[in-house]
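First comes the structure, then the notes that go with it.
The values are calculated or read from the model by the stated rules, or taken from the named source; none is laboratory data. All of these numbers come straight from a predicted model, not from anything done at the bench. Glycine gets a Cβ as well: all are built from the backbone with ideal geometry, and neighbour counts include every protein chain shown. Calculation scope for accessible area: heavy atoms of the full protein, side chains included, ligands and nucleic acids excluded. Shrake-Rupley method; radii C 1.70, N 1.55, O 1.52, S 1.80 Å.
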Amino acid sequence: MRNFSYLRATSIDEARQAAALPNAMLLAGGTTLLDLAKCGVVEPDKVIDITHLSGLDAVRVDAQGASIGALAKMSRVADDPEIREHFPAVAQALSQGASAQIRNMATIGGNLLQRTRCAYFRDPAVFPACNKRAPGTGCSAIGGVTRNHAVLGTSEACIATYPGDLAVALVAFDAVVHLGSRQIAAEDFFLLPGATPHREHALEPGEMITAISIPTSAMSRRSTYLKVRDRQSYEFAAASAAVGIAFEPDGRTVRDVRVALGGVATKPWRAQEAERALIGKPASADTFQRAAAIALDGAQPHDDNAFKLELARRTIVRALQRGAS
């Protein structure tokens, strides 16, 4: 790590102004920033500590939905009784992320901004070519080992997977990211790599996440998050699904549904075509399997990650079955 200047912000405005400076970065839980600095991936000139800003760690749930401050800790939100009752997929996604120690440190805002775990991105000494880290240098992953890389939303410039769990649930249930002076849908907050994979979020210079809001709905109340991974703890998803189902009065016909995928795409992936295929249909194995197949339409696997197609389909079906039970 190289030397940097340090500022403990005393207000949101001060933090925003400082963050607008070239190569300045915000520090909250620090679980991502410090890791990337040690890897040599980021080398900030200025670090702005926002951990002491008041009013950004509140968690509130009312009839309209949930409001979660950007500085709320992952573990606190995961354990909140009202979040667990009204947004079970959100609580489950949080409780299955990282380790207990990291969840006690990491913040909600920082969790959304975490960077990919692509090994080529995180090792600049061995793999200098990375369009996400150094635009225009190429993608070392393409033609390399791609077991943990994306099959949806990829481009010729980048195939890195978005690693988070929480964002998958937020995208599924129409969450909104609050940036102070403006708001943006969670689905639009995360950007596809296209030709500019170094730009991962819709944050503009001087902006910072202040809160997340999630509208309450029948789907969010009857929701679940299923994560499939190589080991049961402290591991990123090979495939995951956040789903929520609302039924017609007959209790078996799908009135409305939400489906989002993680572990298989370059951003949290809302499967809207799959949702449309489910609405008005009976909640059966055949219906779920057809929708799961639609969700993976357009996928572009590489040699090492073709298994993710079937794994993701089965994950969707299992999550839908769990949500319907």
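Annotations
- Solvent-accessible surface ranking, highest first, for THR253, THR51, THR146 at 1.4 angstrom: THR51, THR253, THR146
- Here the contact order of the range 241-325, divided by its residue count and restricted to Cα pairs under 8 Å and six or more residues apart, works out to 29 percent.
- Between ALA306 and ASP49, the FRET efficiency estimated from the beta carbon spacing at R0 = 45 angstrom works out to 0.55.
- Here the chain has 50 percent of its accessible surface on carbon and sulfur atoms, given a 1.4 Å probe and all protein chains in place.
- Based on Cα contacts under 8 Å between residues 6+ apart, the range 64-191 shows a relative contact order of 20 percent.
- Lysines whose Cα lies under 26 Å from that of LYS267, excluding same-chain neighbours fewer than 8 positions away: LYS38, LYS73, LYS132, LYS227, LYS308
- Solvent exposure of the chain, expressed per residue, is 44 Å² of accessible area, with all protein chains present and a 1.4 angstrom probe.
- Length available on full extension from ALA20 to ALA293: 0.36 nm per residue minus the Cα-Cα distance, which gives 93.9 nm.
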